[in-house]
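Read through the structure below, which is laid out as structure tokens, and then see the notes.
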Amino acid sequence: MPKQNKTNKSVMIGLTKCPTGIQGLDEITGGGLPQGRPTLVCGSAGCGKTVLAMEFLLRGALQYNEPGVFICFEETPEDLTKNFAALGFDLNDLISRKLLDIDYIRIERSEMSETGEFNLEGLFVRLELAINTVKAKRVVLDTIEGLFAGFSNEAILRAELRRLFSWLKEKGVTAIITGEQGEKTLTRYGLEEYVADCVITLAHVSTEQIATRRLRIVKYRGSLHGTNDYPFLIDEQGISILPITSMGLDHAVSDEKISTGIPRLDTMFTGNGYYRGSSILVSGTSGSGKTSILSEFINAACKRGERCLFFIFEESPAQVIRNMRSIGIDLEPWIKKGLLRFHAARPSLYGLEMHLVTIHKQIKEFKPDVVAIDPISNLMNIGTLKETKSMITRLADFLKASIITGIFTNLTQSDSLEETAVGISSLMDTWLLLRDLEVNGERNRSLYILKSRGMKHSNQVRELLLTDKGIELQDVYVGAAGVLTGSARLSQEAVEKAEALIGKQGFEFMQRELERKRKILEAQITAMRTEFESEEDNLKRAVAEEKLSEKVTVQDRADMGKLRKADK
Amino acid sequence: MSKSKAVENVLRLYVAGTTPNSVRAIENIKLICEEYLEGRYDLEVIDIYQQPVLAKGDQIIAVPTLLRKLPTPLRKFVGDMSATERILVGLDLRPK
């Protein structure tokens, strides 16, 4: 037995409400059904009236300690027991614990003839008997219109029904009365005339071969209530209603930032990554690396020990794991550790709302820190853009309110700014755009941050490379030749390298030339100096010789004079 | 009321206390029985307020209700038993 104790915010003061315990119904009714009054639940055959009514009793008995009485006019208690066993409820157990009493009222027109005035006191007595047996606080009459098949005197019936509803009010039991949908009226026999406090309609709508159950509160006297058509589903845990549009925008936010799993992308978000609890949209054309971005983020989250829920709508989990392993991201250990759960479903498996309900249920059950959906665009195939948008809105709201980081991929058809994405991008806090740049016969992936609310972020386009070690972001070449990626970037870089090398070599050559010239110059200087020195020597010698010869000459003369004995 | 061994008609009338309809029904059915089934019937009058469990077992919704338990098939007559002709037909005392 699943237990879902929900906190019920009462919108109205004054009117006491009786919590149904049905997932979502208490939210849209602002706390439950009107306490001590009858509520009419109507709809066509097979829309879930009996399930809703019975679940109201069962949850009341199990969660709120309010025993209930189920008066059935159509199904036998044996059938009911069988049907609800499939939903995980053991009616016989509840009956033996005096939490539930079922009375089957069989009306066989063929064996009955009317012989004058009568009233329905028998019904009252049996109802009272049942109520007293279990001290019931809740009563279901399913469907009381069965009476109209048994008796022809409609005037008496109507008077008795009126009496019955006021009698129920007097008893102070909270009642659900179900009714078949009529052609022009809510119910075939106009029961809404008698039950004026609260009317709920159920419908089973089928669009494009995908059926969705919807619930609407037509009327709730004295109380605020959600007025929309709320989708709901019946599964092995009973009814779940999605009240998401009733959520306001008053959720708390987190200032914490969490890594994207790609270091270079973190630095693009001023170093820290996404905000926790924000919604991130990764959009791009086919094969631009969206799932890889998601996987990097999930991988990083799991490394931090966070729980991740990964919804995939176009691949099988095994396929994703294999593909991600090829770029060095191994998700499998996280699954084994219980940190990561995949939920794969074909978009066309069921209606959009059903997907949303499933996603919600999974989230409530798994309590993840991160929810990834790949891709949300596939869901657009099964609904209109408006429906999808409203669904994503509700999902994003729900995630934000629970401070769960949501990351979604969106497959776009072309590089024109994604008309479909525009619809939902306004809900997203961060939008990463992946693009294929096709130049010179090759395609390269690029990434940029289109927006990121509440944080500085780089406005630069980065080239996204899928390597053996995950995603790498590279600066694209930005220069005179424009933005280049891939081999064009590489070749441009090579050209520049070569040019730089040539320049460097030229410089070195000039340096050597200069050195050489200096050496020549110096050699010349040395030679000249040597020449000068030798000339100087010669000159000195000449001078000395001259002096010597002069002296000699003088001496010679003197000597001659002496010899000649010349008188002076 | 006759208690002979050759009881052919076992009748049970459910009433709700002493409401006018109930009182009238008892009077009417007694007259019919005495007149058409004298010595051949067993009529039991049950007050649903006293015996609600019986009412549940006999699938009583409206009161007064007359059950013809025997002879089979089971027949139900709802009302104050004022439509004598219809009761006589239903009890196979008159050709249809």
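Annotation: of all residues in the stretch A:109-125 being touching a residue at least 24 places away in the same chain (Cβ under 8 Å) and not aliphatic (A, V, I, L, M), the one that is farthest from B:THR84 (Cα to Cα) is A:PHE124. Consider the stretch B:19-39 and keep the residues that are surrounded by 14 or more Cβ atoms within 10 Å (Cβ to Cβ), within 14 Å of chain A (Cβ to nearest Cβ) and aliphatic (A, V, I, L, M). The one that is farthest from the chain's Cα centre (by Cα) is B:VAL23. Can you name the residue in the stretch A:113-133 that is under 24 Å from A:LEU91 (Cβ atoms) and surrounded by fewer than 20 Cβ atoms within 10 Å (Cβ to Cβ) and, of all such residues, is nearest to the other protein chains (Cβ to nearest Cβ)? Taking the candidates together, the pick is A:LEU129. Is there any pair linking a residue in the stretch A:354-377 that is open to solvent by 10 Å² or more (accessible area, probe 1.4 Å) to one that is modelled with pLDDT under 85, with Cβ under 6 Å and at least six apart or on different chains, and which? As it stands, the answer is A:MET354/A:LEU233; A:SER377/A:ASN410; A:SER377/A:LEU411, since those pairs meet every condition given. Figure legend. Inter-residue proximity from the stretch A:90-108: first residues within 14 Å of another protein chain (Cβ to nearest Cβ), second residues part of a loop (DSSP other than H, G, I, E, B) and of a type in the set (Val, Ile, Thr), beta-carbon distance below 7 Å, spacing 6+ or different chains. Indicated pairs: A:TYR104/A:THR76; A:ILE105/B:ILE61; A:ILE107/B:ILE61. Within the stretch B:43-61, the set of residues being surrounded by 14 or more Cβ atoms within 10 Å (Cβ to Cβ) and either at the interface with chain A (Cβ under 7 Å from one of its Cβ atoms) or over 13 Å from the mean Cα position of the chain (by Cα) (or both) comprises B:ILE48, B:TYR49, B:GLN51, B:PRO52, B:LEU54, B:ALA55, B:LYS56, B:GLN59, B:ILE60, B:ILE61. With respect to the conditions (1) exposed (fewer than 15 other Cβ atoms within 10 Å of the Cβ); (2) over 27 Å from A:ARG59 (Cα atoms), A:ARG188 lacks only one, and its number is (1).
Within the stretch A:328-349, take every residue that is in contact with a Ser or Thr (Cβ under 8 Å, 6 or more places away or on another chain) and surrounded by fewer than 20 Cβ atoms within 10 Å (Cβ to Cβ) and give me the one that is modelled with the lowest pLDDT. It comes out as A:ALA345. For the stretch A:134-152, taking the residues that are of a type in the set (D, E, K, R) and open to solvent by less than 40 Å² (accessible area, probe 1.4 Å), the one that is farthest from the other protein chains (Cβ to nearest Cβ) is identified as A:ARG138.
Every residue, every condition in (1) at pLDDT 80 or above; (2) over 30 Å from A:SER348 (Cβ atoms); (3) open to solvent by 60 Å² or more (accessible area, probe 1.4 Å), yes or no:
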{"site": "A:VAL195", "(1), (2), (3)": "no, yes, no"}
{"site": "A:GLU208", "(1), (2), (3)": "no, no, yes"}
{"site": "A:LEU224", "(1), (2), (3)": "no, yes, yes"}
{"site": "A:PRO231", "(1), (2), (3)": "no, no, no"}
{"site": "A:ILE241", "(1), (2), (3)": "no, no, no"}
{"site": "A:HIS251", "(1), (2), (3)": "no, yes, no"}
{"site": "A:GLY261", "(1), (2), (3)": "yes, yes, no"}
{"site": "A:ARG264", "(1), (2), (3)": "yes, yes, yes"}
{"site": "A:THR270", "(1), (2), (3)": "no, yes, yes"}
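When A:LEU91, A:LEU33, A:LEU99, A:LEU57 are checked against the criterion of being in contact with a strand residue (DSSP E or B) (Cβ under 8 Å, 6 or more places away or on another chain), open to solvent by less than 30 Å² (accessible area, probe 1.4 Å) and within 21 Å of A:GLY146 (Cα to Cα), A:LEU57 stands alone in meeting it.
For the stretch B:62-79, the candidate set comprises residues that are within 26 Å of B:THR18 (Cβ to Cβ) and open to solvent by 10 Å² or more (accessible area, probe 1.4 Å); within that set, the residue that is nearest to the other protein chains (Cβ to nearest Cβ) is B:LYS76.
Scanning the stretch A:286-344 for residues that are out of contact with any Pro (no Cβ under 6 Å at 6 or more places or on another chain), under 12 Å from A:ALA372 (Cα atoms) and among the aromatic types (Phe, Trp, Tyr) turns up A:PHE297, A:PHE310, A:PHE311. The number of residues in the stretch A:332-358 being over 14 Å from A:CYS308 (Cβ atoms), part of a helix (DSSP H, G or I) and in contact with a strand residue (DSSP E or B) (Cβ under 8 Å, 6 or more places away or on another chain) comes to 7. In the stretch B:80-91, the residue that is farthest from the chain's Cα centre (by Cα) out of those that are within 7 Å of another protein chain (Cβ to nearest Cβ) and open to solvent by less than 50 Å² (accessible area, probe 1.4 Å) is B:ALA83.
Looking across the stretch A:21-59 at every residue that is of a type in the set (Ser, Thr, Tyr) and either touching a helix residue (DSSP H, G or I) at 6+ places or on another chain (Cβ under 6 Å) or assigned to a loop (DSSP other than H, G, I, E, B) (or both), the one that is farthest from A:LEU141 (Cα to Cα) is identified as A:THR29. Does B:ARG40 count as farther than 22 Å from A:ILE105 by Cβ, modelled with pLDDT under 85 and not small (Gly, Ala, Ser)? The answer is yes for B:ARG40.
Against the list (1) modelled with pLDDT under 80; (2) surrounded by fewer than 19 Cβ atoms within 10 Å (Cβ to Cβ); (3) part of a loop (DSSP other than H, G, I, E, B); (4) in contact with a strand residue (DSSP E or B) (Cβ under 8 Å, 6 or more places away or on another chain), the condition A:THR420 fails is (3). Residues that are part of a helix (DSSP H, G or I) and surrounded by 20 or more Cβ atoms within 10 Å (Cβ to Cβ) do not occur anywhere in the stretch A:403-410.
Matching residues to (1) touching an Asp or Glu at 6+ places or on another chain (Cβ under 8 Å); (2) of a type in the set (S, T, N, Q):
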| residue | (1), (2) |
| --- | --- |
| B:TYR14 | yes, no |
| B:ASN21 | yes, yes |
| B:ARG24 | yes, no |
| B:GLU34 | no, no |
| B:TYR41 | yes, no |
| B:PRO52 | yes, no |
| B:PRO71 | yes, no |
| B:ASP80 | yes, no |
| B:ARG94 | yes, no |
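Taking the residues in the stretch B:1-18 that are within 17 Å of B:GLY90 (Cα to Cα) and modelled with pLDDT under 85 as candidates, determine which candidate is nearest to the other protein chains (Cβ to nearest Cβ). Selected residue: B:ASN9.
Checked against the criterion of being within 19 Å of A:THR39 (Cα to Cα), touching a Ser or Thr at 6+ places or on another chain (Cβ under 7 Å) and open to solvent by 10 Å² or more (accessible area, probe 1.4 Å), the candidates A:ARG216, A:ARG163 yield just one match: A:ARG216. The one condition from (1) basic (Lys, Arg); (2) open to solvent by less than 60 Å² (accessible area, probe 1.4 Å); (3) without any contact (Cβ under 8 Å) to a residue 40 or more places away in the chain; (4) more than 7 Å from every other protein chain (Cβ to nearest Cβ) that B:ARG94 does not meet is (2).
Working only within the stretch A:71-94, note down all residues that are within 22 Å of A:GLY190 (Cα to Cα) and in contact with a Leu (Cβ under 6 Å, 6 or more places away or on another chain). Across the stretch A:71-94, the qualifying residue is only A:ILE71.
Count of the stretch B:9-27 residues, restricted to those that are of a type in the set (D, E, K, R) and in a strand (DSSP E or B), is 1.
The values are calculated or read from the model by the stated rules, or taken from the named source; none is laboratory data. Note that this is a predicted model, so its numbers are computed, not measured. Counting neighbours? That spans all protein chains shown, and the Cβs are built from the backbone with ideal geometry, glycine included. Side chains are part of the model used for accessible areas, which takes the heavy atoms of the whole protein and leaves out ligands, DNA and RNA. Shrake-Rupley method; radii C 1.70, N 1.55, O 1.52, S 1.80 Å.
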